[in-house]
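The values are calculated or read from the model by the stated rules, or taken from the named source; none is laboratory data. Keep in mind it's a predicted model, so treat the numbers as computed, not measured. Quick reminder, even Gly has a Cβ in these numbers, built from the backbone with ideal geometry, and neighbours come from all protein chains shown. All accessible areas refer to the heavy atoms of the entire protein, side chains included, with ligands and DNA or RNA removed. Shrake-Rupley method; radii C 1.70, N 1.55, O 1.52, S 1.80 Å.
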Amino acid sequence: MKKLGVNIDHIATIRNARGSIHPDPFLAAKYVMNCGADSVTIHLREDRRHIKDQDVIKICKDKKILVNLEISLNNNILKIALRNKPNYICVVPENRKEVTTEGGLNLSKNKNKIKKIIFKFRKKNIRTSLFINPNLKDVNLSKEIETDCIELHTGKLSDLIKKKKNFTNELRKIKNCCNLASELKLEVHAGHGLDYKTTKLLAKINEIKEFNIGHFIIGESIFYGLKNIISKFKNISNN
């Protein structure tokens, strides 16, 4: 069974638009778990544009919520993560001016630092994944860095599918990375820009064990409700 992680960052975005306390990301985290999500993803950005420190504290404190905390390589963010002990960590790149994550980590540049971070989390029994572009070099580097999992950036594939352009080459890259990761004993996740069509296509790749989806789920839930959308993605990813 492929797992589904639901990113609730944009619940916090709606709350922050009014500078109030509603809707509460903590209540959202509890709700999506009750709706069948396998985990809840939250990204504590350096500029705190959506998830805040207090959200991390509250959500991680509830042990019924399996938390996948996305963090950059920022030392202060790292300290917060270690202090709150989420179930899972996904290390992602972060550019202050970006609207959303634009690509995978630069593993060549940050190899030693990331390896030290993974070691720190492993001592706390926290599973770590690296958000990478779908290329074989980064898969091999991920193995050298000794991460537990990789999460392949599916944004380009998703954009090509939405624009009805040829996506064959991009899909081939993802498949090749999945095959190599499997040989190297790295668990494979997929995330970014995923909608129904892209998830259905990627669900056919046996090596992908987990999908992490946020923006599309929150957007669709406005019309059809979180429970229905989560159920639909669970069905799509396992059929």
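Quick look at the values:
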item: Residue check for Lys234: of a type in the set (Lys, Arg) and open to solvent by less than 50 Å² (accessible area, probe 1.4 Å); result: yes
item: Test result for Lys165, out of contact with any Lys or Arg (no Cβ under 7 Å at 6 or more places or on another chain), farther than 27 Å from Met1 by Cβ and among the basic types (Lys, Arg); result: yes
item: Residue check for Lys175: in a helix (DSSP H, G or I), touching a residue at least 24 places away in the same chain (Cβ under 8 Å) and closer than 30 Å to Thr13 by Cβ; result: no
item: Those residues of the range 106-128 which are within 12 Å of Leu141 (Cβ to Cβ) and of a type in the set (Lys, Arg), in sequence order; result: Lys109, Lys111, Lys115
item: Hits in the range 118-172 (condition: in contact (Cβ under 8 Å) with a residue 24 or more places away in the chain and at positive phi); result: Glu146
item: Unique residue being free of Cβ contacts under 8 Å to residues at least 60 places away in the same chain, closer than 27 Å to Lys115 by Cβ and not small (Gly, Ala, Ser) when the list is Leu82, Leu27; result: Leu82
item: Odd one out for Cys177 among (1) surrounded by 15 or more Cβ atoms within 10 Å (Cβ to Cβ); (2) at pLDDT below 95; result: (2)
item: Top-ranked residue in the range 196-213 [being touching a Lys or Arg at 6+ places or on another chain (Cβ under 7 Å) and within 21 Å of Val92 (Cα to Cα); ranked as most open to solvent (accessible area, probe 1.4 Å)]; result: Lys209
item: Condition met for Leu186 (out of contact with any Phe, Trp or Tyr (no Cβ under 9 Å at 6 or more places or on another chain), crowded, with 24+ Cβ neighbours inside 10 Å and under 25 Å from Ile114 (Cβ atoms)); result: no
item: Subset of the range 64-91 (residues that are buried (at least 23 other Cβ atoms within 10 Å of the Cβ) and either modelled with pLDDT under 95 or of a type in the set (S, T, N, Q) (or both)); result: Asn68
item: Qualifying residue in the range 104-121 (condition: at pLDDT below 95, open to solvent by 30 Å² or more (accessible area, probe 1.4 Å) and not in a helix (DSSP H, G or I)); result: yes
item: Boolean, Phe131 is surrounded by fewer than 16 Cβ atoms within 10 Å (Cβ to Cβ) and either over 12 Å from the mean Cα position of the chain (by Cα) or assigned to a strand (DSSP E or B) (or both); result: no
item: The range 108-129 - residue that is in contact with a strand residue (DSSP E or B) (Cβ under 7 Å, 6 or more places away or on another chain) and of a type outside the set (Lys, Arg) and, of those, farthest from Leu73 (Cα to Cα); result: Ile126
item: Qualifying residue in the range 113-134 (condition: of a type in the set (Phe, Trp, Tyr), touching a His at 6+ places or on another chain (Cβ under 9 Å) and within 18 Å of Tyr88 (Cβ to Cβ)); result: yes
item: Top-ranked residue in the range 44-63 [being part of a loop (DSSP other than H, G, I, E, B) and under 26 Å from Met1 (Cα atoms); ranked as most open to solvent (accessible area, probe 1.4 Å)]; result: Lys63
item: Of all residues in the range 1-43 being farther than 25 Å from Asn74 by Cα and part of a strand (DSSP E or B), the one that is least open to solvent (accessible area, probe 1.4 Å); result: Leu4
item: Residue match in the range 137-156 (condition: at pLDDT 95 or above, crowded, with 19+ Cβ neighbours inside 10 Å, assigned to a loop (DSSP other than H, G, I, E, B) and not aromatic (Phe, Trp, Tyr)); result: yes
